[in-house]
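S.K.: Can you keep this structure in mind? I'll have questions shortly.
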Amino acid sequence: MMLAEGILDLQSEIQAIRRDIHAHPELRFEEHRTAALVATKLQAWGLEVTTGIGGTGLVGTLRRGTSTRAVGLRADMDALPLQEHNTFDHASKHQGRMHACGHDGHTAMLLAGARWLSLHGGFDGIVHFIFQPAEEGGAGAQKMIDEGLFERFPCEAVFGVHNWPGSPVGTIATTPGPMMASSNEFSITIRGKGGHAALPHTSTDPVLVATHLVQALQSIITRNKKPIDSAVLSVTEIHAGDATNIIPDTATIRGTVRTFTVETLDLIESRMRQLTEQLPVAFGATGALHFHRNYPPTINDPEQAAFAASVARELVGDANVHANCEPTMGAEDFSFMLLVKPGCYLFLGNGDGSHREMGHGIGPCMLHNPSYDFNDELIPLGGSFWARLVQRFLAPA
């Protein structure tokens, strides 16, 4: 592994920042302490800092040389509404809040890159370090964009990184095209006619209609969508009634849809609407669909994905870089940035879980898990990746 020279000297400083952020998690759009800490560090290192973009978002800008070319590097800062099970010294000090997705580590790795570049430079141009709020369901990336992120801080391309539990430390993965899926949720209300369960012929049973509709919805995946177009339609909730001897008036179906393309998503939503409105009529009931699109698919620019993979190979070697990794049906709001700028999203292996304290089972601790902890071994690796990427992207003429 070819880490940036001297970056290990920064690890203890950045690790302390990471663990401080972990101990003081803040939910989406509430990252005031975290943003203030990041801003203070960046200013102390000589960066220009602009705060209050997208609420609690901020950008640190570092300039070297005379070129006006610019690149954007993004990290997310928010935590999850989850009770932490860890008992180590840097465990969350706030009930019901936890850094269970590693955003504290993403912030730390980007700070490591900013610190190293502020000391060593080696590039000609402008780097915008983007610290984003509210990735966890708040679409903080879109809010920053709406508030002029790329007009105020022009970038030729933008890059982001997420830690990936289960993959060995020192492995880096990306792919051209779809990297992560769109995230969408739906709610269907079936309206029938309630009555006594012993006299079903006097009622229109919405529960029966709901069971038929759940089965019919799966036909969209198997019979309407092209088999080569990946998609998931999962019904995760069915709610109806509150007594064993009463047929209720309504039944509610909820769930999620994930796709890698907007075209496939359009097809699924359209067919869901048709089935919801037409199938219940056959039973004498009615149906209404509410479909909400949360995050679009995360689609890497092929040129920037190839570039990022080449940087990763210089850092960890060809055998540890997966340049055509399998996409995941998880979602990520970095997708909004990739809609307006070419760029690439990558996964850094977070290890097998052995860095955690004992008592939480074997194997990797997956994301959004109450015993998760970011692996601090990634700090110099992530910082080196950002440093090398900037030096390559903004190489002096």
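S.K.: For a quick check: sort PHE131, PHE88 by the number of other beta carbons within 10 angstrom, fewest at the front.
M.R.: PHE88, PHE131
S.K.: Okay, moving on. Report, in cubic angstrom per residue, the convex hull volume of the C-alpha atoms of segment 125-185.
M.R.: Looking at segment 125-185, the number lands at 154 Å³ per residue.
S.K.: Sticking with this structure for a sec: Helix 262-278 against the longest principal axis of the chain: what's the angle in degrees, Cα atoms only, rounded to the nearest 10?
M.R.: With rounding to tens, the tilt is 20 degrees.
S.K.: Moving on. Hey, for a label at ARG254 modelled as a point 7 Å past Cα toward Cβ, could you say which residues of segment 186-200 have their backbone N under 19 Å away?
M.R.: Correct set: 186-191.
S.K.: Please compute the net charge surrounding LEU394, taking Lys and Arg as +1 and Asp and Glu as -1 over other residues with Cβ under 13 Å from its Cβ.
M.R.: Around LEU394, the surrounding residues sum to +3.
S.K.: Further, regarding this structure: State the dimensionless ratio Rg/Rh of segment 1-98 (Rg: radius of gyration of Cα atoms; Rh: Kirkwood radius).
M.R.: Over the Cα atoms of segment 1-98, Rg/Rh equals 1.02.
S.K.: So, one more: Excluding residues on the same chain fewer than 8 positions from LYS225, give the aspartates and glutamates whose Cα lies under 17 Å from its Cα.
M.R.: Straight-distance partners of LYS225: GLU263, ASP266, GLU269.
S.K.: Okay, moving on. Among ASP78, ASP249, which comes first, second and so on when ranked by fewest other beta-carbon atoms within 10 Å?
M.R.: ASP249, ASP78
S.K.: Calculate, axis by axis, the spread of Cα positions in segment 318-357 along the three principal axes, and write the results as whole Å, longest axis first.
M.R.: 40, 28, 17 Å, listed from the longest principal axis down.
S.K.: Rounded to the nearest 0.05, what FRET efficiency do ARG152 and ALA44 give with R0 = 25 Å and r taken as the Cβ-Cβ distance? Could you check?
M.R.: It comes to 0.65.
S.K.: Cross-link partners among lysines for LYS143, C-alpha distance below 27 Å, same-chain residues fewer than 8 apart left out?
M.R.: Qualifying lysines at Cα under 27 Å: LYS41, LYS341.
S.K.: So what is the orientation-averaged projected area of segment 288-397, using the convex hull of its C-alpha atoms, in nm²?
M.R.: Mean shadow area of the hull around the Cα atoms is 10.4 nm².
S.K.: Which order do TRP164, TRP386 fall in if you start with the one that has the fewest other Cβ atoms within 10 Å?
M.R.: In order of increasing Cβ crowding within 10 Å: TRP164, TRP386.
S.K.: Further question on the same structure: Given 10 Å bins starting at zero, what is the percent of C-alpha pairs of segment 223-327 in each, up to the one with the largest pair distance?
M.R.: In whole percents, the pair-distance histogram is 11, 29, 24, 17, 10, 7, 2.
S.K.: How much net charge surrounds LYS225 when only the other residues with a Cβ under 14 Å from the Cβ of LYS225 are counted, with Lys and Arg +1 and Asp and Glu -1?
M.R.: Around LYS225, the surrounding residues sum to 0.
S.K.: If you don't mind, there's one more thing I want to ask. Can you figure out the FRET efficiency of SER67 with ALA243, using R₀ = 56 Å and their beta-carbon distance, to the nearest 0.05?
M.R.: So, using R0 = 56 Å, E works out to roughly 0.20.
S.K.: Next up: Kindly provide the Kirkwood hydrodynamic radius of segment 74-133 in Å, to one decimal, from all pairs of distinct alpha carbon atoms.
M.R.: One over the average 1/r among Cα pairs gives 13.3 Å for segment 74-133.
S.K.: If I take R0 = 35 Å and measure r between the Cβ atoms of ALA197 and HIS32 in this structure, what FRET efficiency does the formula 1/(1 + (r/R0)^6) give, to the nearest 0.05?
M.R.: Result of the calculation: an efficiency of 0.05.
S.K.: Which whole-number percentage describes the relative contact order of the chain, with Cα contacts under 8 Å and a sequence gap of 6 or more?
M.R.: Computed value for the chain: 25 percent relative contact order.
S.K.: Please list log₁₀ I(q)/I(0) at q = 0.10, 0.15 Å⁻¹ for the chain, using the Debye equation with identical point scatterers on the alpha-carbon positions.
M.R.: -0.70, -1.28
S.K.: Place a label point 7 angstrom from the Cα of GLU13 along the Cα-to-Cβ direction, then list the residues of segment 128-168 whose backbone nitrogen is under 20 Å away.
M.R.: 128-131
S.K.: Let me ask another. Over the alpha carbons of segment 211-282, what is the largest minus smallest coordinate on each principal axis, giving the biggest first in Å?
M.R.: 46, 24, 16
Every number here is computed from the coordinates shown, using simple stated rules; none is lab data. Just so you know, these numbers come straight off a predicted model, no measurement behind them. Please note: Cβ atoms are built from the backbone with ideal geometry, for glycine as well, and neighbour counts cover all protein chains shown.
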